[in-house]
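Following: one structure in structure tokens, then a few remarks.
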Amino acid sequence: MNKVRTLLLFLCLLVLVQGLNAQRQYRRLMWGIGDANYGIFDDNNPYATVDMLNHIRKERFHLILPRVMREKNIDMWIHVIRPWSWGGTDPLRYEFGSKSGVFIFTDRGGDRIERVVFEGEVEDPSAYDIVRGRSKFVNQENYEIMEYVAENPDKVLESELDLRFIGLRDFVAERNPKRIAVNTIESLSFPEGSETFTMALTDGISYTDYLQLVKALGEKYAERMVSAEYLILDYLSRRVASEVVLYGTSGNLRERARKFSKIVPGVTTLKEIGGGSVIDKDGRRRNRGNYVIQRGDYIDGWGRRAYVLQKGETGLPPYIQKFWEDVEKIRDILRKNIKVGPTAGETLELLIQKLEEEGFVHHDRQIYDRYLDPEKTQVAIDSHAEGKGILAPRISHLGPKWHWDIKIQLFHTFAIEYFVYMAVPEWDKANNSTGQRLYVMFHDGGVVTGRGMEIPYPEQSREIQIIQ
């Protein structure tokens, strides 16, 4: 039954792909799609239609929202996306389908969470139980805020922004939540210039909004507010099956392939194959666009690699052959040991142990370390989360500690990012120096299923094309 359900889901999602071009401009205006940090939501991904994203949102609301709220012991989640300012970059704008609004999710028992847009305009009103404000109304409250003001001229408001919270106290009192999560940060840390800038925007409620919210809730319920930081982090880091299908269909994280078939040794330049870099037969690195590719060159085209045979050669030189055999072993170690359940930090420690058992040496910097054993291939790992602008859980020494403390969940999508360095003594002799090495960086897209780490599309980045 699981296989049948997956196949049906896949076919349904493919049907949603129709009408891409007509919807693209609307997606750009409404959702701000185009930020490469958001993985499957990148504007370069032609598979991510509005209908498909609406489907994903509902599935996440149904499957993930109840789980994370109950695991974090949260009865009500209030998320404020302020209009005209940071709304375009709020990390939950895709999840909620809006760039501004007050979103309230309440656990009232049963198998679902009540979903309310207290004030705001949303992409898909049918994903919510109550939509109040400028949007199309769904099925319960049906009035405009400005109608309220017209009917209540005696109500004096300090700011137009106060309109968003009219009636909030009665709404909350009716549900009487014990813990109310709000989008503020209390304990998560972000170094200046951190790649986690989009998660930092989880602290998106302004001081004015906070004061307005406290006033609207009243002292009794304002005292029950807690930070939603871990709730948001957990919600963003989990996936549903439809996201995985879209992720695999698009292959969005695949490195862009370079075309090497037209290379003519001694004629073709790096610029003509789209750039990249070359290590020549003596180990010298070349990356200028006007460099003419020669026999004996190893080409790294940022996602695809090639080797240009020298006269008399029929295959890769022994040192390149060994290097790629090591790359294959490293990939297998990752595949066998990244699983659902452990934290990112626990996974990293296990990977280091397995790598050392196989004769590799791990280090925590993305550079070649000439002080380590030159006979061992070096590996650095930075397998961070991918797809929503956050990097946790992060299987790496990089980032703040909380990146490593988060457990890997089912359908966790991430970058299989790792760096491999191998010393080449032949090049040391040719250059009368030490530290010459082969190097490769991988940044494929992976997903963690019940079977472990998987790559949901045909792998190409591990191949070396032979140029005659």
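Taken together, the values in this text are just the output of simple stated rules run on the coordinates, not laboratory data. Everything numeric here is computed off the predicted structure, so don't read it as measured data. Here Cβ is always computed from backbone atoms with ideal geometry, including for glycine, and neighbour counts include all displayed protein chains.
For this structure, a couple of remarks:
- With R₀ set to 60 Å, the beta-carbon distance separating residue 463 from residue 176 gives a calculated FRET efficiency near 0.50.
- With the simple spin-label model, which puts each label point 7 Å out from Cα in the Cβ direction, the residue 410 to residue 111 separation comes to 1.4 nm.
- Over all Cα atoms in the range 253-467, the spread is summed up by Rg and Dmax: 18.1, 54 Å.
- Residue 59 versus residue 340: modelled label distance in nm, points set 7 Å from Cα along the beta carbon direction: 1.4 nm
- Cα radius of gyration and Dmax for the range 326-432 (Å): 15.0, 51
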